[in-house]
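Read through the structure below, which is laid out as C-alpha cells, and then see the notes.
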Amino acid sequence: MALTVVPVADDSAEAWREIHNLIIPVAPLSRTDVEERRGRNLLTLGLVGGATVGNATVRPVVDGQATVIVRVLPEYRRRGYGSEYLRRMLAVAGELGAASVATVVLAANVEGLAFALRHGFVEVERYTVDGAQFIDLSRDLPVG
Ligand SMILES: CC(C)(COP(=O)(O)OP(=O)(O)OC[C@H]1O[C@@H](n2cnc3c(N)ncnc32)[C@H](O)[C@@H]1OP(=O)(O)O)[C@@H](O)C(=O)NCCC(=O)NCCS
C-alpha cells in the first residue's frame, strides 16, 4: 500500500512525539520540545491505509546541508516504507536547496545504521550523549 506523508498538525503532534520516543527512548522529547521543533523543522507522519507507520524530521539547510531522519515503527519495517519515506524527504531537502544531507542514527540501532549506509550515507562521527552513542552520517544530493 502507498505511503502518504502529512505535516504534523496541532492534533497529531502527540502521535509524532510517541513514535519518536518509542524509537529513540534514550532521548525522549517533551510536548514542549516537539512544539519548539515544529517551529523550526518540518515534522511529518507517514500513513498507510489509515495507519500511522512512522515519522520524519527535516531540519533546515545550514551551510548547504539539511538533516533528514526517518523512523518506521517496528511492526511496519521491511516493507519498503523507510526507503520510500527517505526518498521523499531527500526530495524535500533538495527543494530546500540542500547540496548534501546529514542524518543521525543511534549506534544501538544496527538496522538503522545499515539502512543509512545502504542509502549512500557515510559515517562522519560518533559521539555519546547521556550514555547513548549516536552516529552522524552524510551524503550528497541530488539523489543518484
Ligand atoms: C531505518 C528504518 C527507517 C528502516 O525502515 P524500513 O521501513 O524497515 O525500511 P525498508 O523496508 O525500506 O528497508 C529495510 C529492509 O527491508 C527490506 N525490504 C523492503 N521491502 C521489503 C519487502 N516488501 N519484503 C521484505 N523485505 C523488504 C529492504 O530491502 C531492507 O533490507 P536490507 O536491510 O536487507 O537491505 C527503521 O529501521 C527505523 O525506523 N529505524 C530507527 C530509526 C533510524 O535509525 N533511522 C535511520 C535514520 S535515516
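Helix-only mean residue ellipticity at 222 nm, the chain, DSSP H runs n ≥ 4 weighted -39,500 (n - 2.57), per residue, nearest 500. What is it?
Taken over the chain, the calculation gives -9500 deg cm²/dmol.
Please list 3J(HN,Hα) in residue order for the stretch 68-85, calculated via the Karplus relation 6.51 cos²θ - 1.76 cosθ + 1.60 where θ = phi - 60°; whole Hz, with x for glycine and proline.
These are the phi-based 3J(HN,Hα) values: 10, 10, 10, 9, 10, 4, x, 6, 10, 6, 6, 10, x, 5, x, 5, 5, 4 Hz.
Among 36, 123, 14, which one moves the most in a GNM of the chain with springs linking Cα atoms closer than 10 Å?
Maximum fluctuation in the GNM of the chain, among the listed residues, is at 36.
Quote the convex hull volume per residue of the chain, based on C-alpha atoms, as a whole number of Å³.
Convex hull volume per residue, Cα atoms: 111 Å³.
Choose one of 80, 50, 97: the residue whose Cα lies farthest towards the positive end of the charge dipole of the stretch 1-121 (beta-carbon charges +1 Lys, Arg; -1 Asp, Glu; about the Cα centre).
80
Between residue 108 and residue 129, 0.36 nm times their residue separation minus their Cα-Cα distance comes to what?
6.3 nm
Using a simple charge model, +1 on the beta-carbon of Lys and Arg, -1 on the beta-carbon of Asp and Glu, nothing else, what dipole does the stretch 43-144 show about its Cα centre, in debye to the nearest 20?
360 debye
How many Å² of accessible area per residue for the chain, probe 1.4 Å?
I get 53 Å² per residue for this part.
The values are calculated or read from the model by the stated rules, or taken from the named source; none is laboratory data. In this text the structure is predicted, and so the values were computed from the model without any measurement. In this analysis, Cβ positions are derived from the backbone assuming ideal geometry, glycine residues included, and neighbour counts consider all displayed protein chains. The accessibility values were calculated without ligands, DNA or RNA, using every heavy atom of the protein model including side chains. Shrake-Rupley method; radii C 1.70, N 1.55, O 1.52, S 1.80 Å.
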